[in-house]
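K.L.:
Sharing a structure below in structure tokens format, with a few things to ask.
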Amino acid sequence: MTTYFPQLLEMFKRTKAALTDFMGILEPVIENAKDDHERLYYHHIYEEEEHRFDRLEYLMPKLEHYIENPEAYVPNNNDAIHLLQDISLEKFGLHNFLEHLDLALFSFKGTEYEEKLQEMRNVTASDYQTIKELMTELNEQAGGSPSLAASVPTDEKENGKDNLKIEMYTQQPSDNGGSGEKGSVEVESSPEETQEKTSYKKRLTVGSLKK
């Protein structure tokens, strides 16, 4: 099971660096917000990512410990279960980050930050599909599902309301297409599916959420 930990650690290092850059983009926006509504909107996003940064600061040393000392990992004891729950929570964190980046791309379209945000978005989308695959394998090896219910996004809840789900976030790991490269999120879509996804995106603009 610990053979997956180096891949997870690299992923978390990557997303930690990206969210640091993202928070750096948001800071001047918050400081120079035109009104309290805009300030609160971006402060809320910033605070969630800052909280995730703190969680990664706690989780990454634990992964490093088990990578360096694999014999210390005892499956199904409390420490192992808590570790898998923490990883599962960071799967949810990647999902939230993906949504935050999509929202930012609406707001920062045509600015100097657009290219950087799009790059972060592409990497995060790939990492999110990968961590879903890894969590499925880790949970199977653990003989059950130590994931927290709180780590399942709205878009992936089996009993969730379909009219509240955003289709582009509901794709399962097996839906990956494109070149076949692990973590790729390029998916062939029919014209009808493309139109529906565009419809979802149009409803989810920063402007509409801020009104």
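The values are calculated or read from the model by the stated rules, or taken from the named source; none is laboratory data. Bear in mind that the values here come from a model prediction, so they are computed numbers and not experimental data. Backbone-built Cβ (ideal geometry, glycine too); neighbour counts: all protein chains shown. For accessibility, only protein heavy atoms count, side chains too; no ligands or nucleic acids. Shrake-Rupley method; radii C 1.70, N 1.55, O 1.52, S 1.80 Å.
K.L.:
Inspect all residues belonging to region 36-46 and state whether any of them is under 22 Å from the mean Cα position of the chain (by Cα) and touching a residue at least 24 places away in the same chain (Cβ under 8 Å).
P.N.:
Yes - at least one qualifying residue is present in region 36-46.
K.L.:
Also, quick follow-up: Arg52 - would you say it is of a type outside the set (Ser, Thr, Tyr), open to solvent by less than 30 Å² (accessible area, probe 1.4 Å) and within 30 Å of Val29 (Cα to Cα)?
P.N.:
On the way: of a type outside the set (Ser, Thr, Tyr): yes; open to solvent by less than 30 Å² (accessible area, probe 1.4 Å): yes; within 30 Å of Val29 (Cα to Cα): yes.
The answer is yes for Arg52.
K.L.:
Looking only at residues that are of a type in the set (Ser, Thr, Tyr) and closer than 18 Å to His51 by Cβ in region 1-23, which one is farthest from the chain's Cα centre (by Cα)?
P.N.:
Filtering region 1-23 down to residues of a type in the set (Ser, Thr, Tyr) leaves 2-4, 15, 20.
Restricting the remaining residues to those that are closer than 18 Å to His51 by Cβ gives 15, 20.
Working: Thr15: 9, Thr20: 14 Å.
The residue in question is Thr20.
K.L.:
List the pairs whose first member sits in region 71-97 and is in contact (Cβ under 8 Å) with a residue 60 or more places away in the chain and more than 15 Å from Leu138 (Cα to Cα), whose second member is surrounded by 17 or more Cβ atoms within 10 Å (Cβ to Cβ) and of a type in the set (Phe, Trp, Tyr), and whose Cβ atoms are under 8 Å apart, counting only residues at least 6 apart or on separate chains?
P.N.:
Leu94/Tyr128; His95/Tyr128; His95/Tyr169; Phe97/Phe22
K.L.:
Quick check on this structure: which one of Gly144, Gly110, Gly93 is more than 27 Å from Leu26 (Cβ to Cβ), among the small types (Gly, Ala, Ser) and either out of contact with any strand residue (DSSP E or B) (no Cβ under 7 Å at 6 or more places or on another chain) or at pLDDT 90 or above (or both)?
P.N.:
Details: Gly110 fails: more than 27 Å from Leu26 (Cβ to Cβ); Gly93 fails: more than 27 Å from Leu26 (Cβ to Cβ).
When all the criteria are applied, what remains is Gly144.
K.L.:
Moving on. Check Gln85, Gln118 and return the single one that is open to solvent by 10 Å² or more (accessible area, probe 1.4 Å) and at pLDDT below 95.
P.N.:
Working: Gln118 fails: at pLDDT below 95.
Being open to solvent by 10 Å² or more (accessible area, probe 1.4 Å) and at pLDDT below 95 holds for just one of Gln85, Gln118, which is Gln85.
K.L.:
Kindly list the number of the only condition in (1) closer than 30 Å to Glu167 by Cα; (2) touching a residue at least 40 places away in the same chain (Cβ under 8 Å); (3) surrounded by fewer than 16 Cβ atoms within 10 Å (Cβ to Cβ) that fails for His100.
P.N.:
That leaves (3) as the condition not met.
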